[in-house]
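*Asks:* Before we start, here is the structure in question, set down as C-alpha cells.
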Amino acid sequence: MKKYTLITGACGGLGKSFVKLCAKNGENLVLTGTSETKLKNLVDEFAEEFKEIDVKTAVLDLSKPEDRKNIMKFLVDEKIEVNRLINNAGVIIEGDTMRFSEDEILNAIEVNCKGTVDLTMKCLNNRNKEEKFEVLTVASVASSYPIPHMAVYAATKAFLVSMMTGLSIELEKENVVITTVCPGGMATTQAMKDSIASMGLGGKLSCTPTDKVAKIALKALKRKKKNVVTGGFNKFLVVIGKPFSKAFLARSTGRIWKKSQAKRNF
C-alpha cells in the first residue's frame with residue numbers, strides 16, 4: 001500500500017511550502033483545505049511538482065466534527081495509508097477578546113485545539129503500527145506568552161505545544177515521532193505584512209519566510225526533536241521571558257500589541 005503525507009491547511013502560505021518540500025522529496029500527498037476550488041487551483045499550481053507523485057485532495061473544515069469523520073472514511077475508501085500528518089491549519093483572531101462573539105472564539109478553539117487533536121488521534125488510532133508514524137504540528141512563538149489583544153490565539157497555540165509535547169513522550173517507544181514547530185510572523189497575507197511592519201525592527205527580526213519555516217520543521221521532525229523555534233530572535237524571545245511572571249509578560253506583550261494595532265487603526 002502506498003504511503004502518504006496528509007497536510008491540513010494546504011492552500012495557505014506555509015501550507016504551500018510544506019506541499020512543495022514534500023513533493024520535492026517524492027512523497028505522495030493528501031491535501032486538505034476548506035475550499036474545493038482552492039484545492040483544485042493548488043493542484044494546478046503545482047502540476048509540474050506533482051508529476052512523479054500521487055496526490056489526493058479532500059475538503060476538511062477542522063471546526064466540523066463530520067468533516068473530521070469524513071476524512072477518515074475517505075482515507076479508508078481510497079486505501080490510503082497515512083504515515084505522516086502535518087497539522088498546519090489554524091485560525092487567527094486578533095483584537096480585544098470582548099469584541100468577538102462566542103461563536104468566533106469557540107470556532108478558533110475548535111479548529112486550533114479540538115479539531116487538530118481529534119484529527120491527530122484519529123490518524124494515530126488508524127496508523128500501521130508496524131511502520132513509523134510522524135506528526136508535525138504548527139504552533140507559534142506566541143505560545144510562550146500570554147498576549148492581551150491576541151489572547152485566544154496565543155492560548156490555543158500554548159495548548160498545542162503542551163498537548164503535543166506530552167503526547168510525544170507517551171508514544172516515543174511506539175515508533176511515533178511528534179514535533180511541534182513555533183515560528184514567528186510570516187508574511188503570508190497583506191494583513192500579516194501590515195502586522196509585521198507595525199512591530200518595527202522586532203517584527204522584521206521575528207519574521208521568517210514560509211519556505212524556511214517548513215524546511216526547519218521537517219528537518220526537526222527527521223531528527224526527532226520534540227519542539228523547535230524558528231529564527232534566532234524568536235529563540236531569544238522565548239528564553240528571555242522565562243524568569244518573569246505570566247502577569248508581567250502579559251502586561252509587556254499587551255502594550256506591544258496595543259501599539260501595533262494603533263498603527264494599523266485596528
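*Asks:* Can you tell me which residue in segment 57-108 is farthest from Tyr4 (Cα to Cα), limited to those that are part of a helix (DSSP H, G or I) and β-branched (Val, Ile, Thr)?
*Replies:* Among residues in segment 57-108 that are part of a helix (DSSP H, G or I) and β-branched (Val, Ile, Thr), the one farthest from Tyr4 (Cα to Cα) is Thr97.
*Asks:* When the residues of segment 209-235 are narrowed to those that are out of contact with any Leu (no Cβ under 9 Å at 6 or more places or on another chain) and closer than 21 Å to Phe159 by Cα, which ends up surrounded by the fewest Cβ atoms within 10 Å (Cβ to Cβ)?
*Replies:* My answer is Lys224.
*Asks:* Right, next: Only one residue in Val152, Val55 is modelled with pLDDT of 95 or more and under 16 Å from the mean Cα position of the chain (by Cα). Which one?
*Replies:* None of the others qualify; the one that does is Val152.
*Asks:* In segment 170-202, what residues are in a helix (DSSP H, G or I) and touching a residue at least 24 places away in the same chain (Cβ under 8 Å)?
*Replies:* Answer for segment 170-202, where residues must be in a helix (DSSP H, G or I) and touching a residue at least 24 places away in the same chain (Cβ under 8 Å): Leu171, Asp194, Ser195, Ser198, Gly202.
Conditions tested, residue by residue: (1) under 16 Å from Gly12 (Cβ atoms); (2) out of contact with any Lys or Arg (no Cβ under 8 Å at 6 or more places or on another chain); (3) at pLDDT below 95.
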| residue | (1), (2), (3) |
| --- | --- |
| Glu78 | no, no, yes |
| Glu81 | no, no, no |
| Met98 | no, yes, no |
| Glu104 | no, yes, no |
| Gly115 | yes, no, no |
| Asp118 | no, no, no |
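*Asks:* Next question. Is there any pair with a first residue in segment 1-26 that is without any contact (Cβ under 8 Å) to a residue 60 or more places away in the chain and closer than 21 Å to Glu78 by Cβ and a second that is of a type in the set (Ser, Thr, Tyr) and surrounded by fewer than 16 Cβ atoms within 10 Å (Cβ to Cβ) whose Cβ atoms are under 9 Å apart and which are 6 or more apart or on different chains, and what are they?
*Replies:* Within 9 Å, the pairs are Cys11/Ser35.
*Asks:* Also, I was wondering about something else. Of everything in segment 192-207 that's within 13 Å of Glu94 (Cβ to Cβ) and of a type in the set (Ser, Thr, Tyr), which residue is surrounded by the most Cβ atoms within 10 Å (Cβ to Cβ)?
*Replies:* Step by step, filter segment 192-207, then rank; the result is Ser195.
The values are calculated or read from the model by the stated rules, or taken from the named source; none is laboratory data. No experiment lies behind these values; they were computed from the predicted model shown. Cβ: placed from backbone, ideal geometry, glycine included. Neighbour counts: every protein chain shown.
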